[in-house]
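Read the structure below first, then the notes.
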Amino acid sequence: MSTTQELERAMGQDVYDVEGHKVGTASHLYASDVSGAPEWVTVKTGLFGGKESFVPLTGAHTEQDGLHVGAHKDVIKDAPRIDDNGHLTEAEAAELYRHYNLQMGTPDTGQPGMAGQESMVRSEEQLRAGTETVETGRVRLQKHVVTEEQQITVPVSHEEVRVVREPMTGADSGTGEIQEDEREVVLHEERPVVAKETVAVERVGLETETIREEATVKDTVRKEQIDVDDTTKPRKH
């Protein structure tokens, strides 16, 4: 197996499997928290390096073309998906050992961490704002009947009688006979007649309109803060 310095120089170079097939690109070294010896390397695989797989350094060595590991390409690509967050938990390490059919290290070696450093993960809460639709009220259309007075003007006509007198002249004049006589004229008039009919005059409907505006929300969040307690520095008296 190559030295830690040689392995560190191989980061960013190509990684080849046990049969010499290119697997991906070396990303990070993971070493024992206690001994500091490199035990795993993360390899970026897949299209554009979109996946990062943990590969054991057992039987691995560096050459001019990159890092050669002792696992097969298919086994590496099927490795358990574990986030590269700087440290492997005991459960994650055990899952990797089972996948590569390796024997778990002794308890005093500690869990593998990123090589060349001691680290911890700092977390914090972040606000994520979204929207929900709630009912704010209802608008109803109701139709009822009301009575109102309406007035319209209608032209009407009626007949009246007037007496017309014309003197008898010429051949029409002469002797007459005195007797009683009677004539009758029928008079007429127009009277307004009211009729009602129901007609549709308009259509009334409801529609909703979405008004976009901005609303500000706020809440309290928690975050972790890491303080360094360095006991190696002398204190002032």
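Less than 17 Å apart at the alpha-carbon level, and either on another chain or at least 8 residues along: which aspartates and glutamates does that give for Lys22? Cα-Cα hits under 17 Å: Asp14, Glu52, Glu63, Asp65, Asp74, Asp78. Counting beta carbons within 10 Å around each of Glu177, Glu39, Glu19 and listing the fewest first gives the order Glu177, Glu19, Glu39.
Modelled this way, with points 7 Å down the Cα-to-C-beta line, the labels at Asn85 and His188 are 10.5 nm from one another.
In this structure, the residue pairs whose Cα-Cα separation is over 25 Å, taken from Lys44/Lys223; Lys51/Lys73; Lys143/Lys196, are Lys44/Lys223. The simple spin-label model puts a point 7 Å past each Cα toward its Cβ; for Glu125 and Ala37 those points are separated by 4.4 nm.
Read-outs: derived from the displayed coordinates by stated rules, not from any lab. Everything numeric here is computed off the predicted structure, so don't read it as measured data. Note: ideal-geometry Cβ built from the backbone for every residue, glycine included; neighbour counts use all protein chains shown.
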